[in-house]
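No lab work stands behind these numbers, since they all come straight from the coordinates. Since the structure is predicted, the reported quantities are computational estimates derived from the model, not experimental observations. Backbone-built Cβ (ideal geometry, glycine too); neighbour counts: all protein chains shown.
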Ligand code: GLY
C-alpha cells in the first residue's frame with residue numbers, strides 16, 4: 001500500500017488538528033488548501049433572544065447553544081430556542097400575542113435554512129399557528145417548495161396536525177391595537193397613501209410614548225448557529241410590522257432578505273424595517289461579503305451603507321437626511337466569528353443590541369452602528 005497521503009485524508013487530518021495545510025512539505029506541488037480554524041459553537045440572535053424565557057429556565061440563545069453542544073441538529077436546536085419566544089405571550093413581536101395587522105388579525109412570517117442540507121422553508125401571512133418556525137421547517141422537510149402563504153400555509157399546517165386557533169391575540173396585543181385604531185383618523189380612509197402614512201405615524205407615536213418597544217414595532221427574532229463541525233443554520237420568525245395592511249409580508253420569510261445561510265461561508269439575518277431590507281436583499285449581500293473574506297462586522301456595515309444609499313424617498317429620511325428607521329443584522333461566520341450591526345447605535349432612545357451564547361455563556365452586547373444615535377424627531 002502506498003504511503004502517499006491523499007488530499008482528502010490530509011485535509012481530514014488537518015481539520016482534526018486545526019492545522020493550516022498550505023505550507024506542508026508532503027506535497028511537491030502544494031495544493032492551495034487552507035483548512036479553516038476549527039470552529040467553536042456559537043449562537044447569535046436579536047437581543048430578545050437573551051431576554052424572554054416564557055416561564056422556563058433558559059432564554060433562546062441558551063437553549064439553542066445547550067442543544068448544539070449536546071450534538072442536536074443545529075436547525076432543530078435554533079428552532080427550539082425561538083419557540084420560547086413564539087409561545088411567550090409577553091413577547092409581542094413574535095408568534096402568539098404578536099402585534100396584529102390593521103384588521104386586528106395576527107399574521108405570522110417565518111423562514112429557516114439548513115446549511116449542510118442546502119434546504120430551506122418558509123411561511124408568510126400565516127394565521128392561527130403559534131409556532132410558524134415549525135411550519136417553515138415542515139415546508140422545508142416535507143415539500144418541494146420554499147414558501148407557502150396565507151390560507152394555503154394554514155391548511156398545510158392543519159393537515160400536519162398543528163393546532164389552528166381562531167385568534168392569536170392576547171389581551172395586551174388587542175388593547176394596543178384598539179389604541180392604534182383610536183388614534184388613526186377615519187377620514188384618512190379616503191386616501192390610501194395618507195391613510196398608510198397616518199397609520200405608520202400613529203404606530204411611531206406609540207413607540208415614542210413607550211407603549212410599544214421600538215424593537216417590537218417590527219417584531220422579529222433572527223437566530224443563527226454553528227456547531228463544532230462548522231454546520232451553519234438559521235431561523236427568523238415574526239408577527240411583522242405592527243398594524244400592517246392585511247397580507248403584507250416583510251423580509252423575515254424571504255430567503256436572502258430576512259435570512260440567508262451558506263454552509264461554506266456563514267449566516268445572516270435581520271430585524272427592523274423589512275421593506276428596506278427587501279429592496280437590498282441584504283442578508284445575501286452580507287453572506288457574499290463574508291465569502292470575499294470580510295469580517296462579519298465589515299460585511300454588515302457594507303450592507304447598511306448600501307441600504308442608506310438606496311434610501312432616497314423623503315418620507316423615509318430624518319432631519320439629517322439619514323434613514324428614519326431601525327434595521328439590524330446578526331452575522332455569523334463558519335469559523336464562529338460574529339457581529340451585530342445596526343443602522344443606528346441607538347434608535348428611539350434604545351440601544352441597538354444583540355445576543356450571543358458561546359462557551360462563556362449568554363451575553364447581550366452592543367451592535368456596531370453605521371450612524372450614531374438617531375435624532376429625536
Ligand atoms: N423585519 C420584520 C418585518 O419587517 O416584518
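Remarks
- By the beta-carbon count within 10 Å of each Cβ, the least crowded to most crowded order of 180, 243, fewest first, is 180, 243.
- When restricted to Cα atoms, the chain yields an Rg and a Dmax of 21.5, 86 Å, respectively.
- For region 45-147, convex hull of alpha carbons as volume per residue, Å³: 98
- The long axis of helix 282-291 is offset from the longest Cα principal axis of the chain by roughly 10 degrees.
- Counted residue by residue at 0.36 nm each, then reduced by the alpha carbon distance between them, the extension gain from residue 292 to residue 213 reaches 24.8 nm.
- Semi-axis lengths, Å, region 246-359, gyration tensor of Cα atoms, sqrt of 5 times eigenvalues: 23, 16, 14
- Mean-position separation - Cα centroids, region 263-336 and region 93-149, in angstrom: 22
- On full extension, the segment bounded by residue 181 and residue 155 gains 6.4 nm, given 0.36 nm per residue less the C-alpha separation.
- Ranked list, fewest to most other Cβ atoms within 10 Å of each Cβ, for 307, 245: 245, 307
- Relative contact order of the chain, defined on C-alpha pairs under 8 angstrom at six or more residues apart (%): 18
- Tilt relative to the chain, helix 296-309 - C-alpha long axis, 0 to 90 degrees, to 10: 40
- Going from the fewest other Cβ atoms within 10 Å to the most, the residues 325, 162 appear in the order 162, 325.
- Computed on region 91-229, the Cα convex hull volume stands at 138 Å³ per residue.
- Angle between the chain longest axis and helix 7-17 axis [Cα atoms, degrees, rounded to 10]: 70
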